[in-house]
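Trainee: My questions will all concern the structure given below.
Where a number appears in this text, it was derived from the coordinates with a stated rule and is not lab data. Predicted, not measured: the structure shown is a model, and the values here were computed from it. Virtual Cβ from ideal backbone geometry, glycine too; neighbours counted across all protein chains shown.
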Amino acid sequence: MTYCVGLRVAEGLVLLADTRTNAGMDNVSRFTKMVTFEKTGERVIALLCSGNLSITQGVIARIKHGIQKGDRDPAFRSIMNVESMFEVAEIVGAEMRRMQEIHRKAIIEQGADADATLLVAGQRKGGKHRLFLVYTAGNFIQATDDTPYFQLGEHKYGKPILDRVITPASTLEDSMKAVCVSMDSTIRSNLSVGMPLDLAVIEKNALTFRVQRRIERTDPHFSAISDSWAKALSHGFEALPNLLDPPQA
């Protein structure tokens with residue numbers, strides 16, 4: 001399984017993905033689910049993947065091939081030369097449709113699930129920082145102030161903290177803490193999601209990655225957030241009033 005989360009706040013974009021995949025309890029592997037592209041000062045893009053691994057890897061391979069072709073022929077549209085992030089999402093959606101058309105029937109006939117989803121995040125010079133969720137069919141939706149985050153995969157355990165603390169006005173620092181708590185909650189409750197993690201932060205108008213790093217199981221910063229959150233929950237629970245006590249004025 002997978003858990004990926006992307007936040008779009010006024011200050012920029014925060015993205016976090018796990019690396020665990022499994023085809024049964026005795027067949028667990030690591031695969032990077034975040035792929036990044038950068039032309040410093042011109043555009044920065046990140047793709048996060050969930051679902052059928054062969055489909056998502058095929059989509060990424062086609063996108064990389066398109067970049068190479070666009071470098072040789074500027075008339076060929078790639079995610080690194082189109083004029084908007086909306087067009088980037090269109091290209092990703094088109095490649096998703098292509099892979100589904102080629103492989104979906106055969107995958108389903110073998111008894112596997114061919115569904116896949118991707119997050120597309122980034123900014124180009126002169127445009128806004130944007131976050132899109134691309135579905136299996138290649139269609140997509142965009143994050144807004146009303147819905148400033150998207151999740152892929154095993155989303156239910158990490159959703160409550162995002163609903164409670166994330167708004168468009170959240171800082172990048174608070175957003176990083178929120179995605180770490182969201183991921184930690186998911187890892188604690190679902191064995192199919194696991195370390196290491198990939199974190200990327202894109203500050204508004206910087207047109208480069210402010211943060212791009214791998215978080216290993218022994219990472220002291222992530223461990224400190226996990227431990228502090230567990231203690232805060234425990235203390236908060238202990239402070240709750242008893243149901244049978246008289247209500248306080």
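Trainee: How do VAL44, VAL14 rank when sorted from fewest to most other Cβ atoms within 10 Å of their own Cβ?
Mentor: VAL44, VAL14
Trainee: Provide the gained length on full extension for the span HIS65 to HIS221, in nm with one decimal, where the gain is 0.36 nm per separating residue minus the Cα-Cα distance.
Mentor: Here the segment from HIS65 to HIS221 would lengthen by 52.5 nm.
Trainee: Once the Cα atoms of helix 85-109 and of the chain are each reduced to a long axis, what angle between those two axes, in degrees from 0 to 90 to the nearest 10, is obtained?
Mentor: Tilt of helix 85-109: around 90 degrees.
Trainee: If you don't mind, another one. As I understand it, the value is the acute angle between the Cα axis of helix 53-72 and the longest principal axis of the Cα atoms of the chain; what does it come to in degrees, rounded to 10?
Mentor: In the chain, helix 53-72 runs at an angle near 50 degrees to the longest axis.
Trainee: Evaluate the distance, in nm, between pseudo-label points positioned 7 Å from the Cα of THR147 and of GLU109 along their respective Cα→Cβ axes.
Mentor: Rounded to a tenth, the inter-label distance reads 3.5 nm.
Trainee: So if R0 is 22 Å, what FRET efficiency would ASN242 and SER189 give, r being the distance between their Cβ atoms, rounded to the nearest 0.05?
Mentor: After rounding to 0.05, the efficiency reads 0.25.
Trainee: Report the far tail of the P(r) of segment 181-249, meaning the percent of Cα-Cα pairs longer than 16 Å. Please list the in-between numbers first.
Mentor: Values: 1522 of 2346 pairs.
Tail of the P(r) past 16 Å holds 65 percent of the pairs.
Trainee: Taking neighbour counts of Cβ atoms within 10 Å as a proxy for exposure, in what order, fewest first, do GLU11, GLU216, GLU38, GLU238 appear?
Mentor: Ranking GLU11, GLU216, GLU38, GLU238 by Cβ neighbours within 10 Å, fewest first, gives GLU238, GLU216, GLU38, GLU11.
Trainee: Please compute the modelled spin-label separation between LYS125 and ALA206, points set 7 Å along Cα→Cβ, answer in nm with one decimal.
Mentor: Taking the two extended label points, one gets 1.9 nm.
Trainee: Another question, then. Provide the FRET efficiency to the nearest 0.05 for the ASP163-ALA10 pair, computing r from the beta carbons and using R0 = 25 Å.
Mentor: 0.85
Trainee: Test of understanding: ordering LEU152, LEU131, LEU191 by Cβ neighbours within 10 Å, fewest first, what list do you get?
Mentor: Fewest to most other Cβ atoms nearby, the residues stand as LEU191, LEU152, LEU131.
Trainee: Could you tell me what fraction of 2.2 N^0.38 Å the Cα radius of gyration of segment 3-238 comes to, as a two-decimal ratio?
Mentor: 1.02
Trainee: Something else about it: Compute the long axis of helix 220-238 from its Cα atoms, compare it with the longest principal axis of the Cα atoms of the chain, and write down the angle in degrees, 0 to 90, nearest 10.
Mentor: So the helix axis and the longest Cα principal axis differ by about 40 degrees.
Trainee: Label 7 Å along Cα→Cβ of LYS39; segment 87-110 residues with amide nitrogen under 18 Å?
Mentor: Flagged as within label range: 87-92.
Trainee: Now a separate question. Evaluate E = 1/(1 + (r/R0)^6) for PHE86 and ARG30, where r is the Cβ-Cβ distance and R0 equals 45 Å; express this FRET efficiency to the nearest 0.05.
Mentor: 0.85
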